[in-house]
Amino acid sequence: MADNTTVTQALKPDKGLLRSVFNFFGGKTLRLNNDMGAMAIFFFRSFIMMFRFKAIPDIIQQIYYIGAKSAQIVMLVGFFTGMVLGLQLYFVLVDFGSVGVLGTAIALTLIREMGPVLAAIMITARAGSAMTAEIGIQRISEQIDALSTMRIDPLGYLISPRIAAAIISFPILTAFFDLIGIIGAWVSGCLILGVNSGSYFYRVVSSTQIDDITGGFIKSIVFGLLIITICCFQGYFTHMRTDSFGAKSVSLSTTSAVVISCVMIQISDYIVNSFIL
C-alpha cells in the first residue's frame, strides 16, 4: 500500500513547475501584446504627423537616404538573383521540353514574390539597421529629450519623414529589382544557355498582368511600413531595454530590429498573399 502511494505521488504533476511554465509563457505573451500595442500607437502617431508641408524637405532627404543610396545594392542583388533563377529554371524546364516558358517563370517569380521580399530584406540590411543605430544614439545621448524640451515633437521630426519616404521608395526599388532581375535571367538563359531572346521577352510581356504588378507593389508598401516602424521603434525606445544600457543597448536594438524585420517580412508576405491571390 505504501508502494502504491509513493507511485501515485510521483506521478502527480509538480505544481511549482507548472506555475513556472505558465508564468514564463504568460509573461512573454503579455509583453508581446504590450509591445505590439505600443508599436501600433507609435506608427499611427507618426503617420498622422506625416501630412505637414514643412516635413517635405526631411522627406526628400530620407527618400535619398532610403531609396537612392539603396538602389545600387538592390539592383546588384536583383541582377544575380535573376541570373541564378535563369540558370536553375532552364535546367528544370529543359527536362520537360518547356524552355520556351522561361520568360513567364522568371517574370512571375520575380514580380509576384522574390522581388518585393528580397528588395525589402536588402533595404533592411542597409538602411533599416543604420536607422535604428542613429535613432538609438540620439536617444542615449539625450538628443531626443532635447527636441522635446524645445517643443519639437520627436515623432514628427524623426519618424514621420522616414515613413513617407518608405511609402515612396520601396515600390520604386522593387521595380528596379524586378527589371534588373529579368535582365539578369536573360543574360543567363539567352546569352549563355541559348534560349531565344525574342521568345523570352515575349513571354515576359504577355504573361505579366497588371494584377501581378499591383500585388508586388502592395507587398512592397506593407514591407516598407513594417520595416520603418520596427527599426525606428527599436531605436526610439532603446533606453528602455532591460538587458543592457548605453552603447550595448544600441547594438542589441539594431540586431533586434533587423531580425524582427526579416521575420515580419516573411509573415506578412504570407498574409498579403492570402488576400491578393
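Points to keep in mind about this one:
- Test: residue in region 116-135 that is within 24 Å of Ser206 (Cβ to Cβ), in a helix (DSSP H, G or I) and under 18 Å from the mean Cα position of the chain (by Cα): yes
- Within the set Val84, Val117, the sole residue that is buried (at least 17 other Cβ atoms within 10 Å of the Cβ) and touching a residue at least 24 places away in the same chain (Cβ under 8 Å) turns out to be Val117.
- Leu191 being part of a helix (DSSP H, G or I), touching an Asp or Glu at 6+ places or on another chain (Cβ under 8 Å) and at pLDDT below 95: no
- Residue count, region 224-248 (criterion: in contact with a helix residue (DSSP H, G or I) (Cβ under 7 Å, 6 or more places away or on another chain), surrounded by fewer than 20 Cβ atoms within 10 Å (Cβ to Cβ) and polar (S, T, N, Q)): 1
- Of all the listed residues (Arg162, Arg139), the sole one being in contact with a Cys (Cβ under 8 Å, 6 or more places away or on another chain), crowded, with 17+ Cβ neighbours inside 10 Å and basic (Lys, Arg) is Arg162.
- Tyr90 part of a helix (DSSP H, G or I) and more than 26 Å from the chain's Cα centre (by Cα): yes
- Any chance Ser261 is among the small types (Gly, Ala, Ser), touching a residue at least 40 places away in the same chain (Cβ under 8 Å) and surrounded by 21 or more Cβ atoms within 10 Å (Cβ to Cβ): yes
- Tabulated pairs, region 224-239, first touching a residue at least 40 places away in the same chain (Cβ under 8 Å) and within 17 Å of Pro171 (Cα to Cα), second aromatic (Phe, Trp, Tyr) and crowded, with 24+ Cβ neighbours inside 10 Å, C-beta under 8 angstrom, 6+ apart or interchain: Gly224/Phe170
Yes or no, residue by residue, for (1) within 27 Å of Leu118 (Cα to Cα); (2) surrounded by fewer than 19 Cβ atoms within 10 Å (Cβ to Cβ); (3) β-branched (Val, Ile, Thr):
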residue	(1), (2), (3)
Phe53	no, yes, no
Gln62	yes, no, no
Ala71	yes, yes, no
Leu76	yes, yes, no
Leu89	yes, no, no
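- Test: Ala105 is among the aliphatic types (A, V, I, L, M), more than 17 Å from Ile182 (Cα to Cα) and modelled with pLDDT of 90 or more: no
The values are calculated or read from the model by the stated rules, or taken from the named source; none is laboratory data. Since this is a predicted model, take the numbers as computed values, not measurements. Neighbour counts run over all protein chains shown; Cβ positions are idealised from the backbone, glycine included.
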